[in-house]
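The values are calculated or read from the model by the stated rules, or taken from the named source; none is laboratory data. Remember, predicted model here, so these are calculated numbers, not experimental data. With ideal geometry, Cβ positions are generated from the backbone for all residues, glycine too; neighbour counts draw on all protein chains shown. Only protein heavy atoms, including side chains, enter the accessible area calculation; ligands, DNA and RNA are left aside. Shrake-Rupley method; radii C 1.70, N 1.55, O 1.52, S 1.80 Å.
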Amino acid sequence: MQYERKYTWSILLRLYHWALALSVLALSVTGFYIHFPWTNTMLEGGSTFPVATMRYIHFIAAFVFTGAVLARLYLLIFGNRQERLWDFLPITPRNIKNFVATLGIYSYLRDSHEERLGHNALAGSAYGLTFLAAAVQVLTGFYMLYPESATWQQIGLFFGPQQTARFIHYLLTWYFMVFALIHIYLCVWNDVMARDGLISSIFNGYKFRQSKS
Amino acid sequence: MSKQYCERNFKVSRRGFLKGCTLAATALGLSESMVPKLVEAAASPTRPPVVWLHFQECTGCTESLLRASHPDIGRLILDIISLDYHETVMAAAGHQAEKSLHDTITKHDGKFICVVEGAIPTKDGGIYCKIADRTAMEILADVGPRAAAVIAIGTCASYGGIQAADPNPTGAVGVQDLLKGTPIINVPGCPPNPVSFLGTVLHYFTFKKLPRTDQLGRPLFAYGRKIHDHCERRPHFDEGRFAEQFGDEGHRQGYCLYKVGCKGPGTFSNCPAIRFNDVGVWPVSVGHGCVGCTEPGFWDTMGPFYGRLPNVTVPGAGGGIVADAGSAGKKILGVTAAAVGIHAAVGVGRKLVQGKKNDEQN
Ligand code: SF4
Ligand code: SF4
């Protein structure tokens, strides 16, 4: 069987993906530490600064995360064909059909589906939802980071007082972890099933498609 | 001038009077040179009269003003603000009292200050709080628009307070939810620190305008900063030294109360700086976490008081289960992992059954 190599993901998209993945990892670990600092330095007089350090890492990672989200926002509109939002959100008849078909494939009810270079519409919807979750995470995060800024207070009050924002921020962390679990699993699953080089594509940008001939 | 004032009012000593003004100047972040100006404004015979309305509340704010703090300050406040109507402390009662309210707002129409203590119930036409046969809503709608400014004292008058806690049976709201067009300032707290109230009043008398506020209508001089950022236990927080539970070694050592539920990181107030009762204490200094009493909806969002974050209601049989947010998260993650496992197992199973055939087709 013949396969051809197709350029799918731009460099910016791949950079975005890995910036997001690594920052989410760092943010989850440090975030849970801030939520429940499990080491209790009973040592007085030493300066180990664990909570301050974790918060520092959390804030740096937060800026990386924000940068990644902004890059994705740009790509949603100005990216290549596969990266634009109308290619994978279930807002066109073509994508709605693909959404249903993908559900069938994932539940082992169907075998073949429309070959797509980019995201299938089911994954695309999940990414759309995750993008919104990321936006909320960024807004609540900056609201907590700059408590004395009138602008951030104005924006943040949409979610409620600081404590409510903190709660939403915390719950969404679980969303990101659930997402990561499903995302990694389904990527491996697709890589095994479809043989289009899905996983390597996020490193080198190329996917494989069966040639027509 | 202030000496004369003090001679006329035996209730407050000159020392107490100056002390109160100096404290307020400090709270407002004004320099020492401004103290005489405050003193002058506080003693001026032309200072605006005050009408104090009590609605749905426990009178705790008045009580804290009257006695919880240094007695001089309590009396000073009541003297400074030339109180014409205050249900708790006024001598008049019944029709006399209502007359004095009516007289004050007629005579000083547009010039008096209205202090509101307590939330306003709005459900069922507001019948859950009535004074002299009028609902709180009616009284506020009558008095509020005729005031030069409204000071909402306490979390109830500011945001509804405990009455507004879920499910808010009486539809209680704060002043700002009902009154539009009149300048309103919120001095929340359960109860608020008398000094924050005094500072707000003196600022108004001295500069003829309300102090600058944050987006929640609270004066920045008192509510501009988080408790957490001024707390004396903050170094322990940064160093990761926590009381794990009340009474343990860490608690006895004065470590940070974050893990026993302190809401200082989400609460704006000057408690660590101003402190209470003139003896230099505040909740955290005596070993109890902040419960976030100056924030809107604190009865709902700051609970449980001894846990870090609110509980989540997990919908389920019997009308919902309340779980700790972390344990709910772990359950959801667990269910997801199980789903992933089953999905993978089904996939492998199918491969085993259909095996090579499928492979050859590919
Ligand atoms: S005791 Fe509360 S306010 Fe003080 S540092 Fe700890 S968490 Fe912050
Ligand atoms: S420390 Fe917290 S709970 Fe206590 S009075 Fe201040 S804001 Fe309210």
Report the antiparallel proportion of the DSSP beta bridges in the range B:34-154 as a percent, rounded to a multiple of 5. 20
What distance in nm separates the two pseudo spin-label positions at A:Arg14 and B:Glu138, each 7 Å out from Cα along the beta-carbon direction? 7.5
Would you mind calculating the relative contact order of the range A:61-213 from Cα pairs under 8 angstrom and at least 6 residues apart, reporting the percent as a whole number? 15
Note down the nm distance, to one decimal, between modelled labels 7 Å out along Cα→Cβ at B:Asn277 and at B:Glu87. 2.8
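Which percent of the Cα-Cα distances in the range B:58-207 go past 27 Å?
Details: 1977 of 11175 pairs.
The calculated P(r) of the range B:58-207 puts 18 percent of pairs beyond 27 Å.
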Computed [θ] at 222 nm, helices only, for the protein assembly as shown once each DSSP H run of length n ≥ 4 contributes -39500 (n - 2.57): -16000 deg cm²/dmol
Can you compute log10 of I(q)/I(0) for the range A:12-119 with the Debye formula, treating each Cα as one identical point scatterer, at q = 0.20 Å⁻¹? -1.01
Please give the FRET efficiency for B:Lys130 paired with A:Leu129, using the beta carbon to beta carbon distance and R0 = 51 Å, rounded to the nearest 0.05. 0.55
The range B:247-345 - percent relative contact order, Cα under 8 Å, separation 6 or more: 22
Work from the charge dipole of chain A (Cβ charges, +1 for Lys and Arg, -1 for Asp and Glu, about the Cα centre) and give the residue of A:Leu171, A:His35, A:Val100 farthest towards its positive end. A:Val100
Take every residue in peptide A:33-39, count the Cβ atoms of other chains within 10 Å of its Cβ, and give the average of those counts. 4
What nm value, rounded to one decimal, do you get for the distance between A:Phe78 and B:Val348 when each label is placed 7 Å out toward the C-beta? 4.7
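Which FRET efficiency value, to the nearest 0.05, is calculated for A:Ser112 and B:Lys331 with the Förster distance at 25 angstrom and r the Cβ-Cβ distance? List each step's numbers first, then the result.
Numbers: r = 36 Å, r/R0 = 1.44.
E between A:Ser112 and B:Lys331, to the nearest 0.05, is 0.10.
Are there chymotrypsin sites (Phe, Trp or Tyr not before Pro) in the range A:1-95 that DSSP puts in a loop and that have at most 12 other Cβ atoms within 10 Å, and which ones? Walk me through the intermediate numbers first.
Numbers: sites: A:Tyr3, A:Tyr7, A:Trp9, A:Tyr16, A:Trp18, A:Phe32, A:Tyr33, A:Trp38, A:Tyr56, A:Phe59, A:Phe63, A:Phe65, A:Tyr74, A:Phe78, A:Trp86, A:Phe88; in loops: A:Trp9, A:Trp38.
The qualifying sites are A:Trp38.
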Percent of Cα pairs exceeding the 41 Å cut-off, where the set is the protein assembly as shown: 41
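Mind checking the per residue accessible area of the protein assembly as shown for me, 1.4 Å probe, whole number of Å²?
Here the residues of the protein assembly as shown average 47 Å² of exposed surface.
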For the range B:108-208, which trypsin sites (Lys or Arg not before Pro) are in a loop by DSSP, counting at most 11 other Cβ atoms within 10 Å? B:Lys180, B:Lys208
So who's got an amide H within less than 5 Å of the one on B:Asp214, skipping anything under 5 residues away but keeping other chains? H placed 1.01 Å off N, in plane. B:Leu220
Mind listing which GluC sites (Glu not before Pro) in the range A:1-105 are in a DSSP loop and have 14 or fewer other Cβ atoms within 10 Å? A:Glu44
Neighbouring partner chain Cβ atoms per residue of A:171-183, average, 10 Å criterion: 3
Roughly what % antiparallel, to the nearest 5, for the DSSP beta bridges in chain B? 40
Buried accessible area for the B:A pair, summed, 1.4 Å probe, in Å² rounded to 100? 4300
Nothing charged except the Cβ atoms of Lys and Arg (+1) and of Asp and Glu (-1): what's the magnitude of the dipole of the range B:182-234 about its Cα centre? Round to the nearest 20 debye. 100
Explain nothing, just compute: Karplus ³J(HN,Hα) = 6.51 cos²θ - 1.76 cosθ + 1.60, θ = phi - 60°, for every residue of the range B:183-199 in order, whole Hz, x for Gly and Pro. x, 10, 10, 9, 10, x, x, 10, x, x, 5, x, 5, 5, 5, 4, x
Alpha-carbon centroid distance for the pair the range B:238-305 / the range B:18-61, whole angstrom: 28
How many partner chain Cβ atoms sit within 10 Å of a residue's Cβ in peptide A:190-200, on average, as a whole number? 1
If you take the square roots of the eigenvalues of the alpha-carbon gyration tensor of chain A and sort them as a ≥ b ≥ c, do you get rounded (a/c under 1.5), prolate (a/b over b/c) or oblate? prolate
Can you list the HN-Hα couplings for the range A:43-55, worked out from phi with the Karplus curve (6.51, -1.76, 1.60; θ = phi - 60°), rounded to whole Hz and with x for Gly and Pro? 8, 8, x, x, 10, 9, 6, x, 5, 4, 5, 4, 5
